[in-house]
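Quick notes on the structure that follows.
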Amino acid sequence: MLPSLPTGSDIHIETVDTGYRLIFHVPRGAHAARWLAVAFLVFWLWGWSEGEVFTAKSLMDSTTAWPVRVFLLFWLAGWTFGGLYAALFAMRLAKRPRQEALLIDGDKFTWTPPYAWMVTVRGRRFRFPSFLAKGKSPTDFQIHRKEITSITIECTGSESGRESLVVRRGSDSYAVGSTLNDSEARWLCALLTEWKNSAG
């Protein structure tokens with residue numbers, strides 16, 4: 001029996017054969033914020049391209065001293081890498097996120113994050129290999145109850161005091177329910193803790 005949802009919660013619960021599927025809402029303004037971030041990155045990339053061209057011209061200028069050329073060469077390499085990374089990030093962010101969901105099914109749960117490449121793993125926000133995997137579909141994360149080392153509520157992200165549910169499996173950690181408010185995160189923490197401690 002699931003505990004009662006917090007007052008005003010938009011979490012949708014579906015019953016499956018051996019468990020439940022929880023579907024998390026997308027907060028109002030989330031899509032607008034995503035496009036604002038994309039617009040900012042496009043503007044930043046315009047400035048980046050100007051810097052790229054200016055540095056390349058300085059590098060090819062015969063009057064530029066060789067120590068300066070060496071510095072500009074390394075600077076240009078790092079600048080180019082950062083720009084390409086930002087461009088890939090903008091393209092990924094422009095894609096519509098999936099509906100975040102959590103399927104609790106018997107002795108395991110399957111988590112569908114909005115963006116698999118933005119899952120917190122080992123304390124890092126971006127999973128670099130999957131982030132660069134062009135065209136790769138987002139991944140579902142399946143975790144067995146016995147693999148879970150801890151389920152806690154922690155303050156994460158840039159919002160001061162915002163609580164998030166963090167599930168740890170060995171050295172990996174996952175911030176589940178990124179769109180949940182504090183009361184919903186605590187509710188989900190209690191639910192998963194009870195499920196983890198129950199008999200298989």
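The numbers here are math on the coordinates, done by the rules we state, and not lab data. The structure presented is a predicted model; accordingly, all values stated were derived computationally and were not measured.
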Excluding residues fewer than 8 places away in the same chain, name every one of the aspartates and glutamates whose C-alpha is closer than 19 Å to that of K108.
E14, D17, E100, D140, E147, D172, E194
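Does region 33-94 come out rounded, prolate or oblate by the C-alpha gyration tensor, with a ≥ b ≥ c the root eigenvalues, rounded set by a/c under 1.5 and, if not, prolate when a/b is larger than b/c and oblate if not?
prolate
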